[in-house]
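Here is the structure we will look at.
Laboratory data are not the source of any read-out in this text; all were calculated from the coordinates shown. The model shown is predicted, which means the values in this text are computed figures rather than measured ones. Don't worry about glycine lacking a Cβ; one is built from the backbone with ideal geometry, like all the others, and counts go over all protein chains shown.
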Ligand SMILES: Nc1ncnc2c1ncn2[C@@H]1O[C@H](COP(=O)(O)OP(=O)(O)O)[C@@H](O)[C@H]1O
Ligand SMILES: [Mg+2]
């Protein structure tokens, strides 16, 4: 298109301003894509997560433990076919800069209740027999350069001291929701070292039928309603979501900050467009004198806004799509299978088109409606 | 039939509560191939007259015809297309787009035509050659002198081969030497290429080169032969 050079020339007029505008659009859409992907990943995780598994936590909050004694009472309830428990450990490895999830589990029941955790039979046996053994997801191998059979020392944060484990097995999850960068070790060893406190961070409850989930959850919570530690039982999905919000209030970020940022960027872009249109009053009048129609000038200004919005969109959305897989992002273990969904890209593209319309419309209309004679008198 | 026919034209502007009557029944003919200098004190309506001929503005009453077409009756979009075809306009300043090279500035009117890239290229080269700026094609306006800028603007005004060239004080901001160059160029365009030229000027030298000098005095026309204009110096 022969007019495109004119658009490019105008974009090059204030190169820095153009670049900054494009970058701010890119940043806004990158943030948008990132924040929305947290939500879509959590939602996808919930669909993967076993529908037949419920999670019971302390009603006061995830950070409060439950008595280990609850286990047998839950197991005795009708509809419950399996039970395991785990406790958040939160140990650091090395300088602690690369965080990964690690927790203590009741190994035998845990592996039974999570058939998605797959590993060779001999490694499984070795782990079950080794009190100070650990199982790790395969990603940790490459992330830290660990080897099967080596010792790994974690520094306890909540539970102080150096905790050394032998890597007895490496698992590959068949389901991205499980997470392949988790270290798990024996709850019994954990309980012993913390002085037999008899605590479990959460219980995983297997039920006989998905349709019984609400009833079983209610009967568990009813059972402990008047005890010292009332419980809250929900699906794995709810559990994952609570877990994720522990390190950042995702929905708050999503709805408030995300929108505020996109809106702020919109103002920046609109302002930049308005400024460049105003500076060009005389030039637009000259173009009209030459015979450029109102419609053509309107289109040229819109295309200019569009080029900026779309370049920003490609950078921001494409950047998000490529960036997270490249760094193997999984939300510090809380967002396994993190991915920027196609729906996010589509919505992001629509936001970019909206941005183009919103920022281009006013200056484009201004250019189209500019009365030539007045504009030229103003300039001369 | 004259090329430009102005018939009983009234033009007034409203400024706040005050009405300014610039023309009250102006009638004027300008022939094809003529070189007309339009003179007169500031505020006498010279620019307004050029604007009416170019269809940049409409008369309050009366008709303006150019080449038999009633410019004063056309719609905004008709006017844009008509101007692209028939008018080459040069202002006193701010003619060129600073982000475009001399070549690209001259090419602008041709973008509105159906000419191919190759044909546009040929015409732009010829136009730049005529104004003596073939070697400045890739220069940006800020790299050109004032005189060169105006010659580029003239190249742009002739590149689409318009019916009339209208120039509003094209030498107003130029030094004497550059002014002479621009005026000599206009004279050549008129005599060699038989371009119809109407130029607004305060410069008596410019008037000397014109075939016809018109004096506007408070919106009234005083036609004077060239000799008288020269004697007025
Ligand atoms: N768009 C306008 N709005 C209001 N007044 C105008 C406008 N254009 C011209 N005028 C007035 O009309 C008169 C003629 O102006 P103009 O044609 O620019 O004069 P000249 O070019 O001869 O100096 C002046 O008094 C000027 O102030
Ligand atoms: Mg004037």
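In peptide A:279-290, how many Cβ atoms from other protein chains are near each Cβ within 10 Å, on average?
Counting other chains' Cβ atoms within 10 Å and averaging over A:279-290 gives 6.
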Peptide B:46-56: average number of partner chain Cβ atoms within 10 Å per residue? 2
Using Cα atoms only, what is the angle between the long axis of helix B:117-130 and the major principal axis of chain B, expressed in degrees (0 to 90) to the nearest 10? 70
In what sequence, highest mean first, do B:33-42, B:46-55, A:59-68, A:308-317 appear when ranked by Cβ atoms within 10 angstrom? B:46-55, A:308-317, B:33-42, A:59-68
Taking Cα atoms, the helix B:76-86 axis meets the longest principal axis of chain B at an angle in degrees (rounded to 10) of 60
In whole angstrom, the spacing between the Cα centers of the range B:107-181 and the range A:305-378 equals 39
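Let me make sure I get this right: for the range A:65-228, a, b and c are the square roots of the gyration tensor eigenvalues over alpha carbons, sorted descending. Under 1.5 in a/c it's rounded, otherwise prolate if a/b > b/c, else oblate. Which is it?
The shape class here is prolate.
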With Cα atoms, 0 to 90° folded angle of helix A:294-326 axis to chain A main axis: 20
Which one of A:339, A:21, A:164 has the biggest mean-square fluctuation once chain A is modelled by GNM with Cα springs under 10 Å? A:164
